[in-house]
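The values are calculated or read from the model by the stated rules, or taken from the named source; none is laboratory data. Everything numeric in this text was worked out from a predicted model, so none of it was measured. Here Cβ is always computed from backbone atoms with ideal geometry, including for glycine, and neighbour counts include all displayed protein chains. To get the accessible areas, we keep the full protein, side chains included, count just its heavy atoms, and leave off ligands, DNA and RNA. Shrake-Rupley method; radii C 1.70, N 1.55, O 1.52, S 1.80 Å.
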Amino acid sequence: MRVLYIFITSGYIACIFLLADSSMVYSLSPFNPHSLLHLPLYGILTILLFLSFVPAALRFGQSEKPTTFPPNHFILRLLGAMLISFAIAVADEIHQASLPGREASVIDVFLDMLGTLLIILLIVLYYKRRSKIIT
């Protein structure tokens, strides 16, 4: 199952780069004030990265309850998802700088990271709540 998430995540990342110069980006501009669509775009990426890193047993609560929350492997996987998402955000802005009619923006990277951090917060809250319910 994790392999499926890895393929989906890879495809999603490819779409971020391939669609950076598409006409769809320009047609979405009126619906994207202040580049706010970066929040869900990178939030979804973070979810996909997290699902790619975490074994199914941990994702769906089929494993033993950890003695502490969050367990170390959980933190490392969240950190990995966050760092990869950040690297993709920076690489995407560098890529956009090389496209005619597009420009790189530090604000876009900030919004990308905000979307990532919001999802990480939601994941932590979900797993923290779930660990209290299991006890």
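Here are THR46, THR67: which of them is within 21 Å of GLY11 (Cβ to Cβ) and either of a type in the set (Ser, Thr, Tyr) or at pLDDT below 95 (or both)?
THR46
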**Request:** Would you check if ALA81 is modelled with pLDDT of 90 or more and touching a Leu at 6+ places or on another chain (Cβ under 8 Å)?
**Result:** yes
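Of the residues LEU83, LEU114, which is closer than 19 Å to SER10 by Cβ, open to solvent by 50 Å² or more (accessible area, probe 1.4 Å) and assigned to a helix (DSSP H, G or I)? Quick ask: steps written out before the conclusion?
On the way: LEU114 fails: closer than 19 Å to SER10 by Cβ.
Of LEU83, LEU114, the one residue that is closer than 19 Å to SER10 by Cβ, open to solvent by 50 Å² or more (accessible area, probe 1.4 Å) and assigned to a helix (DSSP H, G or I) is LEU83.
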